[in-house]
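Colleague: Structure in structure tokens, see below.
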Amino acid sequence: MLSDVIDLLADPVDGSPLHAGDVSEGGDWRTLVSDSGHSYDVARQGYVTLAGGAGLRYSGDDAEMISARETFLSGGHFAPFVEAVSENVADVLDDAGVADDA
């Protein structure tokens, strides 16, 4: 839940702390608000996008960046990392007695 990590989040514009803003009748957070007044919408799925907004230089990926990412990712550069993480997760699950089909 977002409430579990709110203390770790900061306003990307100025670094001030974030806290719950608008809360639904059911208790779901609709916005996060910084001490400086910046507001960030909470998606229905529960995530918050902190990248964006006025004053930030990042405006998303253009076609060239997307193409470069696809080229890099299809090159298998992350394969050793994925394999190492997968093996370690499998070992931890085995040590914890979690069944293979869980």
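Rule-based calculations on the coordinates, nothing more; no lab input. Everything numeric in this text was worked out from a predicted model, so none of it was measured. So basically every Cβ, Gly included, is an ideal-geometry build from the backbone, and we count neighbours across all protein chains shown.
Colleague: Take the Cβ-Cβ distance between Val89 and Thr49 as r, set R0 to 35 Å, and report the resulting FRET efficiency rounded to the nearest 0.05.
Modeller: In this case the efficiency is close to 0.80.
Colleague: Round to the nearest 10 and give me the degree value, 0 to 90, for the angle of helix 79-95's Cα axis relative to the longest principal axis of the chain.
Modeller: That works out to roughly 80 degrees.
Colleague: Charges only on Cβ, +1 for Lys and Arg, -1 for Asp and Glu: so what's the dipole of the chain about the Cα centre, in debye to the nearest 20?
Modeller: Dipole about the Cα centre, nearest 20: 520 debye.
Colleague: Is the chain rounded, prolate or oblate when judged by the Cα gyration tensor, a ≥ b ≥ c being the square roots of its eigenvalues, rounded requiring a/c under 1.5 and prolate requiring a/b larger than b/c?
Modeller: oblate
Colleague: Where does the chain land at 222 nm, in deg cm²/dmol rounded to the nearest 500, when only DSSP H runs of n ≥ 4 count, each adding -39500 (n - 2.57), divided by all residues?
Modeller: Value at 222 nm, helices only, nearest 500: -10000 deg cm²/dmol.
Colleague: Karplus couplings for region 66-74 from phi (6.51 cos²θ - 1.76 cosθ + 1.60, θ = phi - 60°), rounded to Hz, Gly and Pro as x?
Modeller: Per residue, the Karplus-derived 3J(HN,Hα) values read 5, 4, 5, 5, 4, 4, 5, 5, 6 Hz.
Colleague: Please give the net charge around Val33, taking every other residue with its beta carbon less than 12 angstrom from that of Val33, where Lys and Arg add +1 and Asp and Glu add -1.
Modeller: -3
Colleague: May I pose another question? Over the chain, calculate the relative contact order: mean separation of alpha carbon pairs under 8 Å at least 6 apart, over the residue count, as a percent.
Modeller: Answer for the chain is 14 percent.
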